[in-house]
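A.B. asks: Starting off with a structure, shown below.
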Amino acid sequence: MERNIGIYNRILIMLCVTGSILILILLMLYFIKDKQEKIMLDESQVQFGKEVNSLLTLKTATLRQVVFDYTFWDDFVDNLNTFDSTWYFNNIATILKSFRIDYACVYDTNFKLIYEASSDGVAPNGIIDASAVFKLNETRFLSFFQATNNGLMEISGASVHNDTDQTHMLTKPHGYLFLARRWDKDNIAELVNLSGAEIRILQPTDSIKSVDEHTIAVVHVLQGWKGENIAKLHFYRNSYAYKLYHRMSLFILFIIIFSFLAVFLIFHFSTRKWLNRPLKLVMSILKSDDPVLIEKLKQSQGEFRNIGFLFSDYINQKHELKLAKDKAEESDRLKSAFLANMSHEIRTPMNGILGFAEMLREPGLTEEKQKRYVGIIEKSGTRLLNIINDLIDISKIEAGQMNVLHSDTNINDQVEFIYTFFRPEVERKGMTISFKNGLTGKAACIYTDREKLYAILTNLVKNAIKYSNEGSIEFGYSVETHCNASQTQNILVETHCNASQTHGHTVETHGNASLQFYVKDTGIGIPTDRQEAIFERFIQADIEDSMALQGAGLGLAITKAYIEMLGGKIWVESEEGKGSAFYFTIPYTHCVEKEPVIAKEIPAAAAKVEIRKKLKILIAEDDETSEILIITGVKKYSREIIKVKNGIEAVEICRNNPDIDLVLMDMQMPKMNGFDATMQIRQFNKSVVIIAQTAYALYGDKDKALAAGCNDYISKPIKMNELLELIDKYFPKEAS
Ligand code: ADP
């Protein structure tokens, strides 16, 4: 398996490898330096040894030279034979002073001491070992050290010869001269001065004390006349230059290691802070999308900060995309369910219409059966129409094409109308219905969209009836004021304020007041978990609902949309099995006092003067079925019926037939629509009665039709009795 090492760890490994190489190089350098130091020290040692030897040779040279100079001398030879103490005193004793010598002695050829002299403080006895005198007979010269009562002494001796025998080897010795010098403190101090080294005098058995590694030391053995070890001179000198060099190199080594460690630590911590932590954050964010971590990343420095902001945008977009996707999926699912439900909802009444239409063909049907079948067809048609109307309404709401048309509306009239309209149906079910108005008189006139308010109330009351089998239905409204002292609108309302507000009194208040409507029933109720969903479009189709009775499930969605358009809100309180109470509010905006509208100059009166006669009627309709229906309906009132299929033809016919009494104008036609056609007709014929056929679907068509110059309007699908009532209105029978 391939190993995946993180960037931070790679950097650490790189640092460690670099560090190891550096340390290796440093160790090598240290090793070389050590070696170098040793070589240099050894060389210094050798050099020092040579220096010490030369120094000691130089030091002992005087004594040897003096002995040598005095021992090939005829005068001395003569005096050895004829012993003259004065000569000895004058020539030998003076050596002591002249050459700073401490002791001098002379032996004859029988090795008998014949003269000796010593400096102050030096005891002469037994200084020279007797055997050394014998030895001198052989060697003629002797230079050695001897430990004496007077301390360590340097001794030089030579046999005495005539002037002619400078080498002391040609002739026999005539006697022997020994000179000795004490190696006292002064002597050693002189040596110290000359050598620049410390000196210790050690006994032969003394071991040499170890000196530190940067001290060069030389041991010089002072030998007796037999070559034996009399004493040791230990010279040692501190090598400051090496010491300094050693310390400096150690210091530099230490500085390099310390600097490397410092660089390593700084690199480690900064990499951790600036690279490792943000990288870990990035990884965690990618795994979890956690907004807290994103905020943390935004606090970092440099590129990671920008990455943090990019993440923020990315997460927002992702979230929005997810919401959009969920919504699209949900919509898709709901729409499919809705379509399935719609198919069922449309097929069911269609089944009734087609099935019973077919059954009407059966020969010999009784009148009673015929009426029943026709009734069923009518009912199914109405149900179908309701569904289509709901569909159109909801699609208009969704497309934002549903307009709000405010006008003065008497809500008490509406409430009472609805009561009267639904009472028979409620009583047929064995239930009771009651209403309560919260305002009286003029105060009940509000400025709102009359039709929408009507549709809302109707829908809620219809549902109350639909979903109740026993008990009662109550509906009505009250005024809710939002008790604010500064409000002063001159309207009379009942308030429901607490404390300082009066209840049930007539007060003056301002526009913050609202009307709260309610529709209560004692029906089946709505489960709590559905109480929100029932206001959502298509939900009905999506829910396995045993209680949902026939309906597209759009009623409450439309109701809610209408209420919101009017500036209110809707909610429900319901308990399963006990009943439901739907509440909604709309702003209480008092009627605008308006000048009475001056009626448009429409020649209705002119029409009215005509007696009811057989009319010349123009039917402008592009749909053949509707045309047949209208012709069938108005045939009995007509003397002549002209049919056209579009607006252009309608205008043309009117222009050529000024005797036309009535135009039934479809508003949606090809080439030229009914609105334009009416406007053109009105330019040359103001008296003809034009009745618009408008599809309820096109909300606002009614007003548009009237504005175009129509006398009246009738909604499609046309109910024949309504159309005939309109004809009666404009062409009354009793007039003569
Ligand atoms: P529908 O055309 O099915 O009545 P609505 O949108 O008017 O559609 O109502 C949605 C759902 O709300 C209904 O299917 C029903 O389950 C529930 N509902 C509405 N009004 C009532 C009520 N008064 N009592 C009980 N349930 C109700």
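A.B. asks: Taking the options D184, D165, D212, name whichever one is closer than 26 Å to N110 by Cα and either at pLDDT 85 or above or among the acidic types (D, E) (or both).
C.D. replies: D165
A.B. asks: Okay, next question. With the checklist (1) farther than 21 Å from I526 by Cα; (2) exposed (fewer than 14 other Cβ atoms within 10 Å of the Cβ); (3) modelled with pLDDT of 80 or more in hand, flag the one item Y477 doesn't pass.
C.D. replies: Failed condition: (2).
A.B. asks: For segment 664-680, does any single residue satisfy the condition of being buried (at least 24 other Cβ atoms within 10 Å of the Cβ), of a type outside the set (K, R) and either touching a His at 6+ places or on another chain (Cβ under 7 Å) or within 17 Å of L615 (Cα to Cα) (or both)?
C.D. replies: The answer is yes, given that some residue of segment 664-680 is buried (at least 24 other Cβ atoms within 10 Å of the Cβ), of a type outside the set (K, R) and either touching a His at 6+ places or on another chain (Cβ under 7 Å) or within 17 Å of L615 (Cα to Cα) (or both).
A.B. asks: Within segment 406-465, which residues are within 16 Å of the ligand (Cβ to nearest atom) and either charged (D, E, K, R) or not assigned by TED's automatic domain parsing to the domain that holds A581 (or both)?
C.D. replies: Of everything in segment 406-465, those that are within 16 Å of the ligand (Cβ to nearest atom) and either charged (D, E, K, R) or not assigned by TED's automatic domain parsing to the domain that holds A581 (or both) turn out to be E425, K429, K452, K462.
A.B. asks: Working carefully through the options D666, D676, find the one that is in contact (Cβ under 8 Å) with a residue 24 or more places away in the chain, among the acidic types (D, E), touching a Gly at 6+ places or on another chain (Cβ under 8 Å) and under 19 Å from I630 (Cα atoms).
C.D. replies: None of the others qualify; the one that does is D666.
A.B. asks: Please work out which residue is farthest from the chain's Cα centre (by Cα), limiting yourself to segment 226-259 and to residues that are in a strand (DSSP E or B) and under 16 Å from L41 (Cβ atoms).
C.D. replies: First, the residues of segment 226-259 that are in a strand (DSSP E or B): 229-238.
Keeping just the survivors that are under 16 Å from L41 (Cβ atoms) gives 235-238.
Details: F235: 78, Y236: 74, R237: 72, N238: 68 Å.
That would be F235.
A.B. asks: Read through the list (1) surrounded by 18 or more Cβ atoms within 10 Å (Cβ to Cβ); (2) touching an Asp or Glu at 6+ places or on another chain (Cβ under 9 Å), then give the number of the only condition that L177 fails.
C.D. replies: Against the list (1) surrounded by 18 or more Cβ atoms within 10 Å (Cβ to Cβ); (2) touching an Asp or Glu at 6+ places or on another chain (Cβ under 9 Å), L177 comes up short only on (2).
A.B. asks: Restricting the search to segment 552-571, which residues are within 8 Å of the ligand (Cβ to nearest atom) and not in a helix (DSSP H, G or I)?
C.D. replies: A552, G553, L554
A.B. asks: Can you confirm whether segment 589-606 contains a residue that is buried (at least 16 other Cβ atoms within 10 Å of the Cβ), under 30 Å from H406 (Cα atoms), among the polar types (S, T, N, Q) and modelled with pLDDT of 90 or more?
C.D. replies: Checked segment 589-606: no residue is buried (at least 16 other Cβ atoms within 10 Å of the Cβ), under 30 Å from H406 (Cα atoms), among the polar types (S, T, N, Q) and modelled with pLDDT of 90 or more.
A.B. asks: Scan segment 335-357 for residues that are within 20 Å of I534 (Cα to Cα) and crowded, with 17+ Cβ neighbours inside 10 Å and report the count.
C.D. replies: Going through segment 335-357 one residue at a time, the tally reaches 5.
A.B. asks: Restricting the search to segment 246-290, which residues are exposed (fewer than 15 other Cβ atoms within 10 Å of the Cβ) and of a type in the set (S, T, Y)?
C.D. replies: S259, S270, S288 - these are the residues of segment 246-290 that are exposed (fewer than 15 other Cβ atoms within 10 Å of the Cβ) and of a type in the set (S, T, Y).
A.B. asks: Out of all the residues in segment 291-307, which are assigned to a loop (DSSP other than H, G, I, E, B) and surrounded by 14 or more Cβ atoms within 10 Å (Cβ to Cβ)?
C.D. replies: Within segment 291-307, S300 is the sole residue that qualifies.
A.B. asks: Return the total of residues in segment 466-480 being of a type in the set (A, V, I, L, M) and either within 12 Å of the ligand (Cβ to nearest atom) or over 53 Å from the mean Cα position of the chain (by Cα) (or both).
C.D. replies: Taking segment 466-480 first, the residues of a type in the set (A, V, I, L, M) are 473, 479.
Restricting the remaining residues to those that are either within 12 Å of the ligand (Cβ to nearest atom) or over 53 Å from the mean Cα position of the chain (by Cα) (or both) gives 473.
Adding up the residues that qualify gives 1.
A.B. asks: Which of the residues spanning segment 358-374 are surrounded by 14 or more Cβ atoms within 10 Å (Cβ to Cβ) and out of contact with any helix residue (DSSP H, G or I) (no Cβ under 9 Å at 6 or more places or on another chain)?
C.D. replies: Within segment 358-374, none qualify.
The values are calculated or read from the model by the stated rules, or taken from the named source; none is laboratory data. On a predicted model such as this, the values are computed, not experimentally measured, just so you know. Methodologically, a virtual Cβ is constructed for each residue, glycine included, from the backbone with ideal geometry; neighbour enumeration extends over all protein chains shown.
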